[in-house]
Amino acid sequence: MNIDGKAWRTIWLEPGGRAVSVIDQTQLPHNFTTLKLSNCQEAANAIRTMVVRGAPLIGVTGAYGLMLALQADPSDAALEVAFEQLNATRPTAVNLRWALQRIQNKVKPLPPAERAEAARAESTVIAEEDVAMCEAIGNHGLAIIKQLAAARPSVRQQDPIQLLTHCNAGWLATVDWGTALAPIYKAHRAGLNIHVWVDETRPRNQGASLTAYELGREGVPHTVIVDNAGGHLMQHGHVDAVIVGSDRTTGCGDVCNKIGTYLKALAARDNGVPFYVALPSSTIDWSISDGIAEIPIEARSTTEVTHIQGRLANNEISQVQLSPDGSEGFNPAFDVTPARLVTALITERGVSAASKKSLKKLYADT
Ligand code: MRU
């Protein structure tokens, strides 16, 4: 997608193929910088410290991280160590394990001398597939936004279609296009009159920093709101639909996404607002069916709760403390929205009910 008129992706292979570069998302929205990752350790650190984040991008970075490890040492032992090192960085988004397994399955049967090149080729395939899946999600979601527009009463036809999103499930969370934001970009480019309510998404504020940044660069009208405002906006008819992403979706349609997503789903249900979840199939964990019981929820540093990062008047990026010295914090990074609260899943293969039957029908070959 575009930044100041130039098309970017979030991750790319450097010429020669012995490093990958990424956009450093810890510096956005105030500084646009890129970072070169030259070995597996650097790739793992980038995922752990959220230089890169978002389920699909974590997966692609993990795949390239394994490639970098194999360039240094293609032995079975080194492959195993690198797999575990990368897989341990963030536990909730299943794309990471999925991408690492894809690389492992590809290279394990090969002689060591051929492994790094095979990992490079497969990582690039995963990255390109992610772009294609996200664009397809955008097209399927566009059809839904068009339906929402057509269903509005004639007195509201001139008003923008109001969409609410949580966290950042845009192109910065993927390789390009995004998941929840892909339909929004497609709708904007198709000339539909849309407006996006952007949940700030405490504690790390991916909405206020990343989603607002992305939408602004693409010229999509949006307004940042505090996380607690969504229910009020829905009660007053200011939200036509909620669209969010997913870090892990069970085979039965439960959805695990950034902490606070569940509360938005409850408010949406109470107000008759459709609640859509956009996800590529790389996010589906077919091995589990009960999201609340079975999805590991990452607990992050409590300083993300007690402190906040922002730009000072002198342009320096800094952290300030919010809560009193000595107060404890607790920081679960994700929550699970049960399938019964999800209006539909928007996948690269089309729109599915959040149910085992419907998902199985769409993915009969998996
Ligand atoms: O902790 P993050 O920033 O990695 O969390 C990201 C999200 O929760 C996204 O909504 C999710 O990964 C879907 S991304 C297309």
Legend entry - Sole exception among (1) more than 20 Å from Thr26 (Cα to Cα); (2) open to solvent by 20 Å² or more (accessible area, probe 1.4 Å) for Arg204, by number: (1)
Inset, instruction - Output the residues belonging to the stretch 194-220 that are touching a helix residue (DSSP H, G or I) at 6+ places or on another chain (Cβ under 8 Å) and farther than 23 Å from Ile308 by Cβ. - result: Ile194, Glu218, Gly219, Val220
Inset, instruction - Would you check which residues across the stretch 350-366 are at pLDDT 95 or above, surrounded by fewer than 16 Cβ atoms within 10 Å (Cβ to Cβ), assigned to a loop (DSSP other than H, G, I, E, B) and not aliphatic (A, V, I, L, M) and list them? - result: Tyr363
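So, Pro332, is that one surrounded by fewer than 16 Cβ atoms within 10 Å (Cβ to Cβ), within 28 Å of Met234 (Cβ to Cβ) and within 16 Å of the ligand (Cβ to nearest atom) or not?
Values: surrounded by fewer than 16 Cβ atoms within 10 Å (Cβ to Cβ): yes; within 28 Å of Met234 (Cβ to Cβ): yes; within 16 Å of the ligand (Cβ to nearest atom): yes.
Against the criterion (surrounded by fewer than 16 Cβ atoms within 10 Å (Cβ to Cβ), within 28 Å of Met234 (Cβ to Cβ) and within 16 Å of the ligand (Cβ to nearest atom)), Pro332 qualifies.
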Inset, instruction - For the stretch 225-265, name all the residues that are open to solvent by 10 Å² or more (accessible area, probe 1.4 Å), aliphatic (A, V, I, L, M) and within 16 Å of the ligand (Cβ to nearest atom). - result: Ile259, Leu263
Legend entry - In the stretch 135-178, the residues that are out of contact with any helix residue (DSSP H, G or I) (no Cβ under 9 Å at 6 or more places or on another chain) and either touching a residue at least 40 places away in the same chain (Cβ under 8 Å) or within 16 Å of the ligand (Cβ to nearest atom) (or both): Leu148, Arg152, Pro160
Legend entry - Filtered residues of the stretch 179-211 (kept if among the basic types (Lys, Arg) and touching a residue at least 40 places away in the same chain (Cβ under 8 Å)): Lys186, Arg202, Arg204
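The values are calculated or read from the model by the stated rules, or taken from the named source; none is laboratory data. Only a predicted model underlies this, so the values are computations on that prediction, with no experimental measurement involved. Note that each Cβ is placed from the backbone with ideal geometry, even for glycine, and that neighbours are counted across all protein chains shown. Ligands, DNA and RNA are stripped out before the accessible areas are found, and what is left, the full protein with its side chains, is counted by its heavy atoms. Shrake-Rupley method; radii C 1.70, N 1.55, O 1.52, S 1.80 Å.
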